[in-house]
Amino acid sequence: MIVLHHHPFSRASNVVWMLEEIGIDYELRYVDLAAGAHKRPEILALNPMGKVPILEDGDVVVTESAAIGLYLADRYAPGRLAPALDDPARGPYLRWSLFAPSVIEPGAAGRSAGWEYQESRVGWGNHDAMLTTMESAIRGPFLLGDMFSMADVIFGGTVRFMLQFDMIETRAVFTEYVERLSARPASRRAQERNAAVVSQHNLGG
């Protein structure tokens, strides 16, 4: 049984969608962030960063949401959610999967917080170039054209979050892409599971 150390108001919420797309059994193990449970010794033993998501798959521990998605797709859905190692689509698949945490997240956070930095010294560079690059990535229904992949969960989940909190400019290509992703049955199931945890632990407002 896969165990996901989870809080619905963290990146772990998107990992629920990953697991639903994979279609395997898993357990959500709630981590009470407000109570500081993510800094307890048993969590720090799994992830010294003291952050969720943390995925346990038997003896394997994976942290960082993009890494979790890539791991799950390669292990449990190769050829379906992850292009084969010799498939040319593997290149853009990895590119956009890693663009999300490496560029979109810090780039949007920096803009929102008013960070001052030299573009040449940070990996996320120019904010407008970032948005244009994101737009160029969505060349079809999905990042790999007609093929939905784990890259869409990683990249698309990030875009959805950023739009929800007004952290990036609302562009039609972004909103239409997110609408397509949110309509997927696995995405809807994940939203329901996350909502159930919110209700169970009285986390709403």
Quiz item: Here are some residues: ALA113, ALA100, ALA67. Which one is assigned by TED's automatic domain parsing to the domain that holds GLY156, closer than 16 Å to VAL153 by Cα and not aromatic (Phe, Trp, Tyr)?
Solution: ALA100
Quiz item: Among the listed residues ASP128, ASP146, ASP152, ASP166, which satisfies the condition of being exposed (fewer than 15 other Cβ atoms within 10 Å of the Cβ) and at pLDDT 95 or above?
Solution: ASP146
Quiz item: Are there any pairs, at least 6 apart or on different chains, whose C-beta atoms fall under 6 Å, with the first in the range 183-205 and surrounded by 13 or more Cβ atoms within 10 Å (Cβ to Cβ) and the second assigned to a loop (DSSP other than H, G, I, E, B), and if so, which?
Solution: ASN194/PRO8; VAL197/PRO8; VAL198/PRO8; VAL198/GLY204
Quiz prompt | Number of positions in the range 40-61 that are surrounded by 22 or more Cβ atoms within 10 Å (Cβ to Cβ) and either over 16 Å from GLU20 (Cβ atoms) or among the β-branched types (Val, Ile, Thr) (or both) | solution = 2
Quiz item: Can you tell me which residues in the range 35-58 are over 21 Å from HIS201 (Cβ atoms), without any contact (Cβ under 8 Å) to a residue 12 or more places away in the chain and part of a loop (DSSP other than H, G, I, E, B)?
Solution: PRO48, GLY58
Quiz item: Going by the conditions given, is VAL159 of a type in the set (A, V, I, L, M, F, W, C) and either over 14 Å from the mean Cα position of the chain (by Cα) or surrounded by fewer than 17 Cβ atoms within 10 Å (Cβ to Cβ) (or both)?
Solution: no
Quiz item: Looking at the range 11-34, which of its residues are over 17 Å from ASP74 (Cβ atoms) and either in a strand (DSSP E or B) or free of Cβ contacts under 8 Å to residues at least 12 places away in the same chain (or both)?
Solution: GLU27, LEU28, ARG29, TYR30, ALA34
Practice problem: Report, by residue number, each residue of the range 11-30 that is within 11 Å of SER187 (Cα to Cα) and among the hydroxyl-bearing types (Ser, Thr, Tyr). | Solution: SER13
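The values are calculated or read from the model by the stated rules, or taken from the named source; none is laboratory data. Here the structure is a predicted model, which is why all the values come from computation and not from measurement. Neighbour counts are summed over all protein chains in view; Cβ atoms, including those assigned to glycine, are modelled from backbone coordinates with ideal geometry.
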